[in-house]
Amino acid sequence: MSKIIIGPGRMSFPALFEPAKNQDGSPGDKYQLTLLLPPDYDTAPLVEALNAAATEKWGADKSKWPKGMRGPKLVIRDASEKEHLAGYADGWKFVALKTKNQPGVVDAMKNEIDDPREVYAGRWARVSARAYAYDNVLKGVGFALQNVQLLQHDAPFGGGAGRAKDDFDEIAAEIGTAGDWDN
């Protein structure tokens, strides 16, 4: 299956420079990213790519596709079902992508990025992905993460610690050493 570009959207749960940890906290083996797509984003090409992957795997007759398979509606989901998470607003959609191979990360001008501080939940990005069908213990379709293009900055989800320079006022006086504070 050929690559598809998804986005722009806002990143959530990015793990692009180190594999994401497993739910139990142990080291994981997959890189991941969830991309939140705005309400006006046309998801029809994504559904088409997923259906094409299923057709390639199981044939054109949908009645012969596995019963209970994880289809496009479980891959491209409404963000409102996770409204308790920052950024998952009503009307938005989200797509979770994973890969065992570390994705390449570039900026808007296609310069390689290797600073993990540039990748945070809330930043806008586009991803290249590959639609695929799987038939192992579970059956269904999904998107494999290929590469990421970072776009404009935005407010981080969850607020974070913020910038240090926004927390403090300027102090013109010279500050003494810790030993001077006892007096």
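The values are calculated or read from the model by the stated rules, or taken from the named source; none is laboratory data. None of the values given here were measured: they were computed from a predicted structure. Here the Cβ is made from the backbone with ideal geometry for all residues, glycine too, and neighbour counts use every protein chain on show. Calculation scope for accessible area: heavy atoms of the full protein, side chains included, ligands and nucleic acids excluded. Shrake-Rupley method; radii C 1.70, N 1.55, O 1.52, S 1.80 Å.
Quick one: order SER12, SER80, SER63 from most to least accessible surface, probe 1.4 Å.
Greatest to least solvent exposure: SER63, SER80, SER12.
Let me spell out the model: positive unit charges on the Cβ of Lys and Arg, negative unit charges on the Cβ of Asp and Glu, origin at the Cα centre of segment 33-128. What dipole size does that give, in debye rounded to 20? Show your work: numbers first, answer last.
Working: 15 positive and 14 negative charges, 116 e Å.
Approximately 560 debye in magnitude.
Where both partners of a DSSP beta bridge lie in the chain, what percent of those bridges are antiparallel, to the nearest 5? Kindly include the intermediate steps, with their values, before the conclusion.
On the way: 32 of 37 bridges.
The antiparallel proportion sits near 85 percent.
The charge dipole of the chain, taken about its Cα centre with unit charges on the Cβ of Lys, Arg, Asp and Glu (plus for the first two, minus for the last two), comes to roughly 1640 debye.
Note on the chain: dipole from Cβ charges, positive end direction compared against VAL137, PRO14, TYR41; the farthest Cα belongs to VAL137. Go through (1) 25, 21, 13; (2) 30, 17, 15; (3) 41, 17, 16 and flag the label whose value is the computed semi-axes √(5λ) of the Cα gyration tensor in Å for this structure. Given (1) 25, 21, 13; (2) 30, 17, 15; (3) 41, 17, 16, the calculated one carries the label (3). Using alpha carbons only, how many degrees (0 to 90, rounded to 10) separate the axis of helix 44-58 from the longest principal axis of the chain? Approximately 50 degrees, to the nearest ten. For the chain, build the charge dipole from Cβ charges (+1 Lys, Arg; -1 Asp, Glu) around the Cα centre, then report which of TRP58, TYR120, ALA96 sits farthest towards its positive end. Towards the positive end, the residue furthest out is TRP58.
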